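Asks: Below are the structure tokens for one structure; questions will follow.
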Amino acid sequence: MSGLAALNMPEEAPAARPRLLVIDDEAGIRTLVRRVGRQAGFEVQEAGAAVELRAGLQQAQDVIALDLAMPDVDGIEVIRELAQSGCKARLILISGFDRRVLDTAARLATGLGLNLKGALPKPFSVTDLLALLRAEQQAPGRSTVRPEITAGELRRALDADELVVHFQPQVDFGDGSWRGVEALVRWQHPHYGLIHPAEFIPVAQTGEFAVPVTERVLELALAGYSEMVETAGYSGVLAVNIPGSALSDVHLPEHVMARIGSRGMTHRHIVFEVTETSLANQPTVAADILARLRIKGFNLSIDDFGTGYSSLESLHRLPFTELKIDMQFVQAAETDGVARAIVENSIELAKQLGMKVIAEGVQTAGQWRWLKARGCHLAQGFLVSRPLPAPDLHAWAIAWQPPADE
Ligand code: C2E
Ligand code: MG
Ligand code: MG
């Protein structure tokens, strides 16, 4: 750790510094995190045992760096306690266990509603930690935190027509050709700019909003599709996300038919993406609607495959035509043998079932080549393009070139 000398920082902390609590029984790690934390502008507090940890949590912390293994309290218990106390701090997990333990703890923390910012396997580099802490410091909106999205705000957004849809291309691994687009909703907020779905979809998918938001997105997606037909000569597929909560109106298939008919499109152009997790609450009505959409000739994609609680059961029960491998497996496949096996077997499974298989979150040429070699059909991800407004797809299509084979 020769770089450490350079990290010596003045001990005085200015009054309004954000607070970082480091929880680790190894004094060496605490010292390292303290130094790096100060370098990133934090006021740092240390806890080497449960009693110090509880004292540290008496004060509001901005960031907590937590080692999963402590002699008198384990990190999972701490995660549970933080969640129960409604902790708002951003959390960085550290662990000397194998990567799967760290990943499991990370998923648990997110699942319990904690604000997870990163997971660092030991030994970690000073650069990685510094990058994480600096990103925290520079995170947009730190001082102008957006208020939580409320039902009232969303209603206003719908009335004021503030939802917009961007399109992310999907291309063929074989020849790189443009085959599809996924419609992804955004909220063009008058004060906060473009808000991404992670912030408002949780509200938009509940009760009164599920159907109107989905209908609005479908309308915007169809309008964008028509625009791409005109400006880019596009003739591929349009994928639209449908939350399980919108699969409650048994007349949905007829409504969709009426809308696409009036635009001169056919059902074969449309893929509905459904996540199995979103189907959990209304399995019977949802199955009725999905079956009828399929009978009418629409395609159905099982989105985020592998992340729900019953991927295989959903696959067995519902008439999906496409399997969309979740990006967490796609991105981890290069370094993690378990993710690699999941991706390889998902591709194989889709093919045996006669389904199209698409990898989402393809970000590097290495991932592209690896997936292509395994016979995956379609790619979607930042390597190909970020989601774009409809008028920008034409320029993308002209510039796009798939990575060369090695
Ligand atoms: P999803 O349906 O799995 O959509 C893919 C998400 O992955 C998109 O995020 C997309 O921008 C992102 N993505 C694609 N390629 C990459 C990549 O290479 N790297 C990374 N890091 N991310 C990539 P987005 O637009 O923020 O949407 C997030 C989720 O919000 C969607 O996940 C979907 O579940 C939901 N969502 C988006 N639009 C709609 C909608 O119109 N209706 C409903 N019900 N849900 C929507
Ligand atoms: Mg999707
Ligand atoms: Mg997905």
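The values are calculated or read from the model by the stated rules, or taken from the named source; none is laboratory data. Given the structure is predicted, the values throughout are model-derived calculations rather than measurements. So basically every Cβ, Gly included, is an ideal-geometry build from the backbone, and we count neighbours across all protein chains shown.
Asks: What is the residue count in segment 62-87 for residues that are of a type outside the set (A, V, I, L, M), closer than 21 Å to residue 34 by Cα and either at pLDDT 90 or above or in a helix (DSSP H, G or I) (or both)?
Replies: The total comes to 3.
Asks: Let me ask something else. Residue under question is residue 335, and the condition is that it be at pLDDT below 95 and over 16 Å from residue 177 (Cα atoms); does it hold?
Replies: yes
Asks: Which one is farthest from residue 101 (Cα to Cα) among residues in segment 339-348 that are in contact with a Phe, Trp or Tyr (Cβ under 9 Å, 6 or more places away or on another chain) and either of a type in the set (S, T, N, Q) or touching a residue at least 24 places away in the same chain (Cβ under 8 Å) (or both)?
Replies: 346
Asks: Scan segment 336-352 and give yes if some residue there is away from ligand 2 (no atom under 16 Å from the Cβ) and under 21 Å from residue 211 (Cβ atoms), otherwise no.
Replies: Looking for residues that are away from ligand 2 (no atom under 16 Å from the Cβ) and under 21 Å from residue 211 (Cβ atoms), one finds none in segment 336-352, hence no.
Asks: Just to confirm my filter: which strands (runs of 3 or more DSSP E) fall fully inside segment 156-273 and include at least 1 residues that are under 26 Å from the mean Cα position of the chain (by Cα) and modelled with pLDDT of 95 or more?
Replies: Fully inside segment 156-273 and qualifying: 163-172, 178-189, 237-241.
Asks: On to the next question. For segment 301-328, which positions are near ligand 3 (Cβ under 10 Å from one of its atoms) and surrounded by fewer than 17 Cβ atoms within 10 Å (Cβ to Cβ)?
Replies: 307
Asks: Consider residue 226 carefully, then state whether it is within 16 Å of ligand 3 (Cβ to nearest atom), under 22 Å from residue 184 (Cβ atoms) and of a type in the set (Ser, Thr, Tyr).
Replies: In short, no.
Asks: Further question on the same structure: So, of the residues in segment 321-338 that are within 15 Å of ligand 1 (Cβ to nearest atom) and aliphatic (A, V, I, L, M), which turns out to be nearest to the chain's Cα centre (by Cα)?
Replies: That would be 327.
Asks: Is it the case that residue 353 is surrounded by 16 or more Cβ atoms within 10 Å (Cβ to Cβ) and not small (Gly, Ala, Ser)?
Replies: It is false that residue 353 is surrounded by 16 or more Cβ atoms within 10 Å (Cβ to Cβ) and not small (Gly, Ala, Ser).
Asks: Still on this structure, I have one more. Which pairs do you get when a residue that is without any contact (Cβ under 8 Å) to a residue 40 or more places away in the chain and within 12 Å of ligand 1 (Cβ to nearest atom), found in segment 164-187, comes within reach of a residue that is aromatic (Phe, Trp, Tyr) and not in a loop (DSSP other than H, G, I, E, B), reach meaning Cβ atoms under 7 angstrom, with the pair 6+ apart or on two chains?
Replies: Once the first residue is without any contact (Cβ under 8 Å) to a residue 40 or more places away in the chain and within 12 Å of ligand 1 (Cβ to nearest atom) and sits in segment 164-187, its partners that are aromatic (Phe, Trp, Tyr) and not in a loop (DSSP other than H, G, I, E, B) give 187/200.
Asks: Suppose we filter segment 71-106 for residues that are without any contact (Cβ under 8 Å) to a residue 40 or more places away in the chain and either touching a Lys or Arg at 6+ places or on another chain (Cβ under 7 Å) or not assigned by TED's automatic domain parsing to the domain that holds residue 34 (or both); how many remain?
Replies: Result for segment 71-106: 3.
Asks: When you scan segment 62-96, how many residues do you find that are among the acidic types (Asp, Glu) and crowded, with 21+ Cβ neighbours inside 10 Å?
Replies: Residues meeting the conditions: 1.
Asks: Restricting attention to segment 286-301, which residues are assigned to a helix (DSSP H, G or I) and out of contact with any Leu (no Cβ under 8 Å at 6 or more places or on another chain)?
Replies: Within segment 286-301, 288, 292, 295 qualify.
Asks: Scan segment 236-247 and tell me whether some residue there is surrounded by fewer than 22 Cβ atoms within 10 Å (Cβ to Cβ), under 20 Å from residue 393 (Cα atoms) and small (Gly, Ala, Ser).
Replies: Yes - at least one qualifying residue is present in segment 236-247.
Asks: Continuing with this model, one more query. Suppose we keep only residues that are within 16 Å of residue 214 (Cα to Cα) and within 23 Å of the chain's Cα centre (by Cα) within segment 140-155. Which one would you say is modelled with the lowest pLDDT?
Replies: For segment 140-155, the residue satisfying everything is 151.
Asks: Taking into account only those residues within segment 43-60 that are charged (D, E, K, R) and within 24 Å of residue 134 (Cα to Cα), which is surrounded by the fewest Cβ atoms within 10 Å (Cβ to Cβ)?
Replies: 43
Asks: If I ask for residues that are closer than 22 Å to residue 181 by Cβ and either over 20 Å from the mean Cα position of the chain (by Cα) or more than 15 Å from ligand 3 (Cβ to nearest atom) (or both), which ones from segment 353-364 would you list?
Replies: Matches in segment 353-364: 355, 356, 364.
Asks: Criterion first (more than 30 Å from residue 342 (Cα to Cα), of a type outside the set (Asp, Glu), within 14 Å of ligand 1 (Cβ to nearest atom) and free of Cβ contacts under 8 Å to residues at least 60 places away in the same chain) does residue 221 satisfy it?
Replies: Yes.
Asks: I've got another one for you. Answer with yes or no whether residue 167 is crowded, with 16+ Cβ neighbours inside 10 Å, away from ligand 3 (no atom under 16 Å from the Cβ) and either closer than 28 Å to residue 284 by Cα or not acidic (Asp, Glu) (or both).
Replies: no
Asks: State which residue is nearest to ligand 2 (Cβ to nearest atom) when the search covers only segment 274-285 and only residues that are part of a helix (DSSP H, G or I) and either hydroxyl-bearing (Ser, Thr, Tyr) or buried (at least 22 other Cβ atoms within 10 Å of the Cβ) (or both).
Replies: 278
Asks: Another question, if that's okay. Would you confirm whether any residue within segment 298-320 is in contact (Cβ under 8 Å) with a residue 24 or more places away in the chain, within 19 Å of residue 171 (Cα to Cα) and away from ligand 1 (no atom under 16 Å from the Cβ)?
Replies: The answer is no; no qualifying residue exists.
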